[in-house]
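Encoded as structure tokens, the structure appears first; notes follow it.
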Amino acid sequence: MLELSRKSDYALRAVIYLSRLSPGSYGRVSEIAQAKDIPHAFLAQILPLLANRGVVKSQQGAHGGYALARSPEAISFLDVIESVEGPLRLNKCVEPDHEDCSILDTCEMHHVWNQAQTQMVGFLQGVTMATMLDAPHHDRQAPITIQTHS
């Protein structure tokens, strides 16, 4: 089964939580972990990865913790996922510099993988933290409006 790791799921939960904080506020690891049902120790490993990629920022001290490093409109699902997982690829042949496939020129499947990759990346880039702020908490079937990047 093709599935994102728990690390991505927890990272998204944490960033969505931080998106809902008032500007200038910081969320503590323990507070985020409890609110979003994330193991504290695991979240303590994930947040620095997000900070290293410029998704969140940290502040030390009594009023410290984590906050978004950019506006919710500027942070996509793809940004968060790739911050903790690395590049998201459906198949090795869709990597930008992939040239070592012996059947690439005659492969019947390459265009399918390429199109699926493009659609997946485009969709995940279009779902931002701002999108999530507008999403109802209770309606899991509500359609999501995404931003398109032209």
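Any read-out appearing in this document is the output of simple, stated calculations on the displayed coordinates, not a laboratory observation. On a predicted model such as this, the values are computed, not experimentally measured, just so you know. Every residue, glycine as well, gets a Cβ built from its backbone with ideal geometry; the counts of neighbours run over all protein chains shown.
Neighbour counts of other Cβ atoms within 10 Å put D9, D37 in the fewest-to-most order D37, D9. Measuring r between the beta carbons of D134 and C101 and using R0 = 35 Å, the FRET efficiency lands at 0.25. The orientation-averaged projected area of the convex hull spanned by the Cα atoms of segment 6-134 comes to 9.0 nm². Taking 35 Å as R0, compute the FRET efficiency from the Cβ-Cβ separation of E31 and N91 and round it to 0.05. According to the calculation, E is roughly 0.35. Calculated mean residue ellipticity, 222 nm, the chain: -13500 deg cm²/dmol, from DSSP H runs (n ≥ 4) at -39500 (n - 2.57) each, averaged per residue and rounded to 500. Within the listed set I103, I16, I75, the Gaussian network model of the chain (springs between alpha-carbon atoms below 10 Å) gives the highest mean-square fluctuation for I103.
For the chain, the Cβ-based charge dipole about the Cα centre amounts to some 780 debye (Lys, Arg positive; Asp, Glu negative; other atoms uncharged).
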